[in-house]
2 protein chains.
Amino acid sequence: MADKAKKSHVELIPHFKTHQSATVGEWFREKGVKAITVTSVKMAEYFAGYGWNDITIAFPTNILEIEKINKLAERIDLKIFVNSEETAVLLKTELNTSVKFYIEVDVGDGRSGINAENSSAISKILEVTRGSNLLFLGFYTHAGHTYNASSPQEVVKIAEKVNEKLRSLKRHFRKEFPHLKIGLGDTPSCSIHEDFEGIDSIHPGNFVYYDIVQHRIGASAIDEIAICLAVPVVAVHPERNEVVVHSGWVHQGKDSLIDSEGKAFYGLIVHLTENNWSAPIPGAQVSKISQEHGVFNLPGDVMNDIKVGDVLGILPVHACATAVMMGEIYTLEGERLTMMPR
Amino acid sequence: MADKAKKSHVELIPHFKTHQSATVGEWFREKGVKAITVTSVKMAEYFAGYGWNDITIAFPTNILEIEKINKLAERIDLKIFVNSEETAVLLKTELNTSVKFYIEVDVGDGRSGINAENSSAISKILEVTRGSNLLFLGFYTHAGHTYNASSPQEVVKIAEKVNEKLRSLKRHFRKEFPHLKIGLGDTPSCSIHEDFEGIDSIHPGNFVYYDIVQHRIGASAIDEIAICLAVPVVAVHPERNEVVVHSGWVHQGKDSLIDSEGKAFYGLIVHLTENNWSAPIPGAQVSKISQEHGVFNLPGDVMNDIKVGDVLGILPVHACATAVMMGEIYTLEGERLTMMPR
């Protein structure tokens, strides 16, 4: 991703919400990354404590956290979101120091941000903040609707529309703000799309691990998935081709996908090898989970070799969820990653 | 639940996985509860540290945790599950001291335990453990399939079948084990069913808080739900009748239900009052969640009164998930509950 950003002349400002790890952060630093994206004030505080000085909190600013925001803004080059006139008015009064901000725009995902075509709402924010302690940086978006795509072609189609919307915003507002920047960054488009014309920065997060969702969309190969949950077998049920493992939603999250037969599954299953893991076992999947229980559906020939006390691996449907839920990750060399405490 | 158990002459051995709180544990003690159920060795260790001496780990024993199990068995009256001959053989060798065990039976849920009708598999475990350090207590079941019921009548129907299966097991094995006990305990049947004939103990967990799932099944009234997530409004979108709140799956879990129009929702919405909360706002629900974002769908008249910085409440779809994810709960009087660290 760092190479791609360099080649495309965009800045990689990776989202750290997926790994939430100071150790993984250092790997990014080695690749030349200087600025990062997080999803909460708490996460910004954590990474500020590990020497990150340029942090964007990619979440609509919660005015109730103003004290913490003021403290952070004194320590680091903090960038926040101002998504409404209302929030702008409150922040102008409550901020103790100048703070840079992005306006988050909604380009079709429908989660948060101002509709990218609603330039009058955008102008109102710019009017309220003009000459104040709130310094306008540009526009930021998360095109989360690429997650609904079922092919790389579809991702490209969505990404092209998104980029055109962002470029059009830039054309409109650059007269008044010639240095305004445009940032985007869902993992599917950052992985698949090659055209970043007019874009200044990208901030994907999930790509650090990838997962089955990304693999399905076409954003990653199966052997690019870099996270695997090791789980102990606690019961073997040959009569129903199932084993019970200690891995419930408290360990892996509750994200599911639908298989080709219309059944929900919660991960693919791999064998752990001395220093790695195998390709997914064909015909095997996590078929049920509850709080602490996981149930694997396994083909008969694999069943025969499994016994109580064995450890198998799960490639997660959603890496962000598994990383956050476990809160404890080791590299294949056995190094424990330092992670943000819950 | 304590009163119902007393009246029905069954022992209440509540499951503590829902609340995971030493403080809530004390409330149970005040109701005369002496023995508890947990779902992991870690949770047993936590509650043993708060003076609980009779703890059942209601999970197929993970032989890889034998060291911790041995340590616990020296401190408290530990009860574990032996669900296979294989596990029995391993435990016989590895246990340092006598430990009581239940055989978990599957009465239709299909998650874990030996099929309740498979008396030959049960007999094999009893044969392996005869005269050993593994002391047979009886049968335990979690009839999780009551969660698929759509009415209290359906729960009763399932519960009657389950209880008959358990009584039949008792008749079969009591010749050899005259003191064997039978335990059951999903919250729907413990809440709705009135007939515990032949049952010795019940171990429901979720009823301590209840939630929208239980309310839908008919296990609880809406005003019996005793858990509410307070969430700040960070953006207001009158043009789409939605507000964005800081409440994603990291705060509330990812459990959903389907509304009458076929749409998924992740909780109902209430107003917080000085010392309580209101009934759910009609027509309002949590319509989307991602890692940190929640989106509420609100009727127009409610929208008009909501502004950035307001705090609303969510009645969770699944109380266990919300309690575990937040890890921090306060009573309405402002007392912070002591909870198990993640």
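For region A:65-159, which GluC sites (Glu not before Pro) are both in a DSSP coil and crowded by at most 14 other Cβ atoms within 10 Å? List each step's numbers first, then the result.
Numbers: sites: A:Glu65, A:Glu67, A:Glu74, A:Glu85, A:Glu86, A:Glu94, A:Glu104, A:Glu117, A:Glu127, A:Glu154; in loops: A:Glu117.
Answer by residue number: A:Glu117.
For region A:2-208, the Cβ-based charge dipole about the Cα centre amounts to some 340 debye (Lys, Arg positive; Asp, Glu negative; other atoms uncharged). The residue among A:Thr97, A:Gly218, A:Gln20 whose Cα reaches farthest toward the positive pole of the charge dipole of chain A, with charges on the beta-carbon of Lys, Arg, Asp and Glu, is A:Thr97. For the pair region A:5-66 and region A:283-331, the centres of their Cα atoms are 30 angstrom apart.
In chain A, a dipole from Cβ-located charges (positive for Lys and Arg, negative for Asp and Glu) runs towards its positive end, and of A:Leu337, A:Val38, A:Ile122 it is A:Ile122 whose Cα lies farthest in that direction.
Taking Rh as the Kirkwood radius, which is the inverse of the mean 1/r over Cα pairs, what is the Rg/Rh value for region A:2-208? That ratio equals 0.95.
Scanning residues 5 or more positions from A:Asn115 or on other chains, those with amide H under 5 Å from its amide H are A:Asp106, with H placed 1.01 Å from N in the peptide plane.
The charge dipole of the protein assembly as shown, taken about its Cα centre with unit charges on the Cβ atoms of Lys, Arg (+1), Asp and Glu (-1) only, comes to about 440 debye.
Each residue of region A:217-231 is assigned a 3J(HN,Hα), and the resulting list reads 5, x, 7, 8, 6, 5, 8, 8, 5, 10, 9, 8, 9, 7, 10 Hz, derived from the Karplus form 6.51 cos²θ - 1.76 cosθ + 1.60 (θ = phi - 60°), x at Gly and Pro. Computed log10 I(q)/I(0) for region A:241-283 at 0.29, 0.34 Å⁻¹: -1.20, -1.15, from the Debye equation with unit scatterers placed on every C-alpha and solvent omitted.
May I ask you to list the trypsin sites (Lys or Arg not before Pro) in region B:219-302 that are in a DSSP loop and have at most 14 other Cβ atoms within 10 Å of their Cβ? Numbers along the way, then the final one.
Details: sites: B:Arg240, B:Lys254, B:Lys263, B:Lys288; in loops: B:Lys254, B:Lys263.
Passing sites in region B:219-302 are B:Lys263.
Distances between placed amide hydrogens fall under 5 Å for B:Val270 paired with B:Ile281, B:Gly313, B:Ile314, B:Leu315, all partners being 5 or more residues away or on another chain.
Here region A:222-326 is treated with +1 on each Lys and Arg Cβ and -1 on each Asp and Glu Cβ, and its dipole about the Cα centre works out to around 300 debye. Amide H to amide H, with H built 1.01 Å from N, B:Phe59 comes under 5 Å of B:Phe81, counting only residues 5 or more places away or on other chains.
Relative contact order for chain A: what percent, with Cα pairs under 8 Å and sequence separation of 6 or more? The partial results should precede the final answer.
Numbers: 698 pairs, mean separation 52.5, N = 342.
This gives 15 percent for chain A.
Placing unit charges on the Cβ atoms of the charged side chains and taking the dipole of the protein assembly as shown about its Cα centre, the candidate lying farthest along the positive direction among A:Pro232, A:Ala159, A:Phe47 is A:Phe47.
The Cα atoms of the protein assembly as shown cover 90, 57, 43 Å along the three principal axes, with the biggest extent listed first.
Which percent, to the nearest 5, of DSSP beta bridges fully inside chain A are antiparallel? Spell out each step's value before the answer.
Values: 29 of 56 bridges.
Of those bridges, close to 50 percent are antiparallel.
Entry note, chain B: the mean residue ellipticity at 222 nm calculated from DSSP H runs of n ≥ 4, each adding -39500 (n - 2.57), is -8500 deg cm²/dmol after division by the residues and rounding to the nearest 500.
For region A:222-326, averaging the sequence separation of C-alpha pairs within contact (under 8 Å, six or more residues apart) and dividing by the residue count gives a relative contact order of 39 percent.
Helix B:85-94 and the longest principal axis of the C-alpha atoms of chain B enclose an angle of approximately 80°. Region A:250-274 and region A:151-223 have Cα centres lying 27 Å from one another.
In order along region B:332-342, the Karplus-derived 3J(HN,Hα) couplings, from 6.51 cos²θ - 1.76 cosθ + 1.60 at θ = phi - 60°, round to 5, 8, x, 6, 7, 6, 6, 10, 5, x, 5 Hz, and Gly and Pro are given as x.
Report the relative contact order of region A:120-262, percent, no decimals, based on alpha-carbon pairs under 8 angstrom and at least 6 residues apart.
Values: 160 pairs, mean separation 26.4, N = 143.
So the answer I get is 18 percent.
Residues B:Cys228, A:Cys190 in ascending order of nearby Cβ atoms (within 10 Å, fewest first): B:Cys228, A:Cys190. Loop-resident GluC sites (Glu not before Pro) (DSSP state other than H, G, I, E or B) in region B:16-61 with no more than 16 further Cβ atoms inside 10 Å of their Cβ are absent.
Rounded to the nearest whole Hz, the Karplus-based 3J(HN,Hα) values (6.51 cos²θ - 1.76 cosθ + 1.60, θ = phi - 60°) of region A:31-37 follow the sequence 8, x, 6, 10, 10, 10, 10, with x at glycine and proline.
Working from the Cα coordinates of region A:222-326, the gyration tensor eigenvalues give, after taking √(5λ), semi-axes of 18, 15, 14 Å in decreasing order.
Every number in this text was worked out from the coordinates using simple rules, so none of it is lab data. Worth saying up front: this structure is predicted, and the values here are computed from it rather than measured. When we count neighbours, we look across all protein chains shown, and the Cβ atoms used for this are built from the backbone with ideal geometry, even at glycine.
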